[in-house]
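**Student:** Structure incoming, see below.
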Amino acid sequence: MTTHTKSVDVAVPVRTAYDQWTQFTEFPEFMEGVERVDQVDDTHTHWVTTIAGVRREFDAEITEQHPDERVAWKVTAGPKQAGVVTVHRLDDSHTRVHLQMDFEPEGIAEKAGEVTGAIDSRIQADLDRFKAFIERRGTATGQWRGDVSPPPQNEPDPGQAGPPGPSTG
């Protein structure tokens, strides 16, 4: 998997930027190639995309979400992808939107896009369109202020031996 990291500064308060990012059904307004996003429930979405002539449908799950801070997701059925968007207050009316996405390219077009930097360019262009979209509106199209805690870390069963530790002699 490859990690892509991009940011954009937007001229709206952190709450406005965050609230808009929770409106997944609006993503086709600023994400190239996203035809439709259906909100299945509070933590599940269904995506329909056409990118480089390849149409895909996949499901994603919100794995962590904290109002005015972050939204993290992973694809549960479809291409291998996960990511997190964080929002950072710059001042009362400016916010940095930071995206980190782990992505495993599939097929010739995506692998070529990875090598040529086209994927990074596309991600930045989507963020730039988000900036134009939210700044033009000045307010979010909606909001979801729910909190989703990350899944618990896998801890070893106390009845099972853990990894070997340092030798004590």
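The values are calculated or read from the model by the stated rules, or taken from the named source; none is laboratory data. For clarity, every value in this text was computed on a predicted model and none was experimentally measured. Neighbour counts are summed over all protein chains in view; Cβ atoms, including those assigned to glycine, are modelled from backbone coordinates with ideal geometry. What goes into the accessible areas is simple: the full protein's heavy atoms, side chains included, and nothing from ligands, DNA or RNA. Shrake-Rupley method; radii C 1.70, N 1.55, O 1.52, S 1.80 Å.
**Student:** Excluding residues fewer than 8 places away in the same chain, name every one of the lysines whose C-alpha is closer than 16 Å to that of Lys131.
**Tutor:** Excluding near neighbours in sequence, the set is Lys6.
**Student:** Compute the Cα gyration tensor for region 59-109, then decide on rounded, prolate or oblate, letting a ≥ b ≥ c be the square roots of its eigenvalues: rounded whenever a/c is under 1.5, prolate when a/b is larger than b/c in the other cases, and oblate in all that remain.
**Tutor:** Oblate, since a/c reaches 1.5 and b/c is not below a/b.
**Student:** Here's something else I'd like to know. If you take the alpha carbon radius of gyration of region 11-87 and divide it by 2.2 N^0.38 Å, what ratio comes out, to two decimals?
**Tutor:** Computed over Cα atoms of region 11-87, the ratio equals 1.10.
**Student:** What label, among [x] 9, 35, 32, 14, 7, 3, 0; [y] 8, 24, 21, 14, 12, 9, 6, 3, 1, 0; [z] 9, 35, 35, 16, 4, 0, belongs to P(r) over Cα pairs in 10 Å bins from 0, in percent computed from the structure on display?
**Tutor:** [x]
**Student:** Two-decimal Rg/Rh of region 88-143 from alpha-carbon positions, Kirkwood Rh?
**Tutor:** 1.10
**Student:** According to a simple spin-label model (label point 7 Å from Cα along Cα-to-Cβ), what is the distance in nm between Val40 and Ser149?
**Tutor:** Placing both labels 7 Å along Cα→Cβ, they lie 2.3 nm apart.
**Student:** Given only helices, namely DSSP H runs of n ≥ 4 each adding -39500 (n - 2.57), what is the per-residue ellipticity at 222 nm of the chain, to the nearest 500 deg cm²/dmol?
**Tutor:** -7000 deg cm²/dmol
**Student:** If I histogram all Cα-Cα distances within region 1-40 using bins 10 Å wide from 0, what percent of pairs lands in each bin?
**Tutor:** Percent of pairs per bin, in order: 23, 45, 32, 1.
**Student:** Something else about it: Keeping the other protein chains in place, figure out the carbon and sulfur percent of the accessible area of the chain, with a 1.4 Å probe.
**Tutor:** For the chain, the apolar C and S fraction of the accessible surface comes to 50 percent.
**Student:** Looking at the chain, which longest stretch skips every one of the trypsin sites (Lys or Arg not before Pro) that is in a DSSP loop with at most 13 other Cβ atoms within 10 Å, leaving the sites themselves out?
**Tutor:** Free of exposed loop sites, the longest segment is 1-79.
**Student:** What accessible area per residue, rounded to a whole number of Å², is obtained for the chain using a probe radius of 1.4 Å?
**Tutor:** 57
**Student:** Pull out the extension gain between Lys74 and Asp102, defined as 0.36 nm times the separation in residues minus the alpha carbon to alpha carbon distance; nm, one decimal.
**Tutor:** 9.2 nm
**Student:** Also, I was wondering about something else. Counting Lys +1, Arg +1, Asp -1, Glu -1, what net charge surrounds Pro151 among other residues with beta carbon under 11 Å of its beta carbon?
**Tutor:** -1
**Student:** Per-residue accessible area for Asp92 at 1.4 Å probe radius, Å² rounded to 10?
**Tutor:** Rounded to the nearest 10, that gives 120 Å².
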